[in-house]
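To start, the structure under review is shown below, and the notes come after it.
Just so it is clear, none of the values below were taken in a lab; they were calculated from the coordinates. Values in this document were obtained by computation on a predicted structure and should not be read as measured data. Positions of Cβ are backbone-derived with ideal geometry, glycine not excepted, and every protein chain shown enters the neighbour counts.
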Amino acid sequence: MSDDDDCACLSVLVVCVILVPVYWLIVALGPLSFYPRVDSAVLAALDSSTTPPPDSTDAIRYNLSVDLSFNNSHPQVEIQYLSVAVAAFYGDFMLGLPDRTFPTPFSQGPSNTTVLRSSLQGKVAVFPDVAAELGRERAAGLVHLKVRVSLQLRYTVRGFTRLGHFYRYDCPMWFKPPPSDAAPAVFDAGTQCLPVK
């Protein structure tokens, strides 16, 4: 073997030693495409009220239960859920505090789906235009809500752990307005949650 052959073999080895870790850091541990999904939801209440003067205040009463599925479709990735929060929104107005009652941290193995149920209810003061828009939607026969899912995740791939990532997703839903204190409205069409930019 000549010196040129030895040099070529050494060059190939050096390139492989450099490229394999670079590939691993960029591709294998890069951001994963991960989207939660609303499987179903039940809207037991969504109505507005106004307190009489002099303290005239508009408020929205809400009662929403949501089943969210988190699908880890990656065959070699374990996902650790460090925190999970779910909040209900009417338009861009957040209805109360986020639900943070999930058993975090928890792990999800490769090729696995986890379903979490969130219950959001309460009464919150709103701007008059928000209450008026809800009144218009109820009169039209279709109300639009969304839940915002906030996650802090950490990935483990073949023993290598990637630092935590923060994600936020909006999950749109639409319901026939439930009559006051009557049968709840059910959303069973399912919807993909979309990343919040």
Note, the range 110-119: 3J(HN,Hα) by Karplus (6.51, -1.76, 1.60, θ = phi - 60°), whole Hz, Gly/Pro = x, goes x, 6, 9, 10, 10, 10, 10, 10, 10, 10
Among LEU46, LEU153, rank each residue by its count of other Cβ atoms within 10 Å, from fewest to most, as a rough exposure measure. LEU153, LEU46
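Rounded, prolate or oblate: which fits the range 32-195, taking a ≥ b ≥ c as square roots of the Cα gyration tensor eigenvalues, rounded meaning a/c under 1.5, else prolate when a/b beats b/c? Intermediate values should be presented prior to the final figure.
Details: a/c = 2.94, a/b = 2.20, b/c = 1.33.
The shape class here is prolate.
Using a Förster distance of 45 Å, how high is the FRET efficiency between LYS123 and SER73, based on the Cβ-Cβ distance and rounded to 0.05? Mind showing how you got there, number by number?
Working: r = 39 Å, r/R0 = 0.87.
Taking R0 as 45 Å, the efficiency between LYS123 and SER73 is 0.70.
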Under a point spin-label approximation (7 Å from Cα along Cα-to-Cβ), what is the ALA182-ASP55 distance to one decimal in nm? 3.1
Using only the Cα atoms of the range 131-187, build the gyration tensor, take square roots of its eigenvalues as a ≥ b ≥ c, and label the shape rounded, prolate or oblate: rounded if a/c is under 1.5, else prolate if a/b is larger than b/c, else oblate. prolate
